[in-house]
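J.: The structure that follows is given in the form of structure tokens.
The values are calculated or read from the model by the stated rules, or taken from the named source; none is laboratory data. Every value quoted in this text rests on a predicted model; they were computed, and no experiment measured them. Here the Cβ positions follow ideal geometry from the backbone for every residue, glycine too, while neighbour counts run over all protein chains shown. Remember, those area values only see protein heavy atoms, side chains included, never the ligands or the DNA or RNA. Shrake-Rupley method; radii C 1.70, N 1.55, O 1.52, S 1.80 Å.
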Amino acid sequence: MFRRLALTCAALLSVVSAQLTITSPGANDWWVASSVNTLAWSCSTSPYLNFTILLANSNLSVLPAPLAIIAVQENFDCSESITQQQSAQPAGSGYVIQFASTLNETDIYAESQPFEIKALGSSYPTTTSSAGSTSTGSASAGAAQATKTGGALAEYVPVGMSMVAALALGLVVA
């Protein structure tokens with residue numbers, strides 16, 4: 001009996017500790033408007049296979065509702081390059097990235113720290129790797145986007161278009 005209780009507790013703890021965390025962008029890791037930007041998350045601890053990626057802002061005059069920028073994102077990718085069209089939002093602060101259920105955008109799995117979108121032409125934040133080399137946020141973005149092919153591009157929802165409209169027009173593979 002004790003052994004069964006111990007196994008049940010261990011199983012529950014592993015489920016509770018499994019979480020999805022958005023690691024970039026964040027407070028010190030901004031995006032640049034109308035540029036390729038990098039989005040990263042903790043895929044190894046996520047209990048979700050896929051999710052919808054939304055861009056939201058606490059200031060409703062900037063963005064009145066969360067905007068779906070990727071309809072179906074596979075968790076195993078661990079990061080994604082957000083294209084110029086997807087990040088074509090006005091410069092400002094208070095933006096957050098949300099990962100939500102692909103069937104119900106109000107079911108939020110994770111939310112980033114608030115971050116800023118800087119004006120086009122601004123520099124990316126400098127990051128330092130464990131090896132000591134430095135790079136900018138856009139350095140790997142172009143290479144990651146270049147690896148996208150064929151049907152993967154159909155998963156992107158055009159900026160400014162609702163998920164329902166994109167599904168109706170056949171622009172999104174659900």
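J.: How charged is the neighbourhood of residue 101? Take every other residue with its Cβ under 14 Å from the Cβ of residue 101, and add Lys/Arg as +1 and Asp/Glu as -1. Working shown, then result.
T.: Values: positive: none; negative: 105, 107, 111.
The answer is -3.
J.: Also, quick follow-up: Provide 34, 24 ordered by accessible surface of protein heavy atoms (probe 1.4 Å), highest first. Could you put the intermediate results ahead of the total?
T.: Working: 34 50, 24 15 Å².
Most to least solvent-accessible, the answer reads 34, 24.
J.: How much length is gained if the chain between residue 122 and residue 43 is pulled fully straight, taking 0.36 nm per residue apart and subtracting their Cα-Cα distance, in nm to one decimal?
T.: On the way: separation 79, 0.36 × 79 = 28.44 nm, distance 2.91 nm.
Taking residue 122 through residue 43 to full extension adds about 25.5 nm, to one decimal.
J.: Pull up all non-local amide H partners of residue 94: gap of 5 or more, or a different chain, and H-to-H distance under 5 Å with H placed in the peptide plane.
T.: 115
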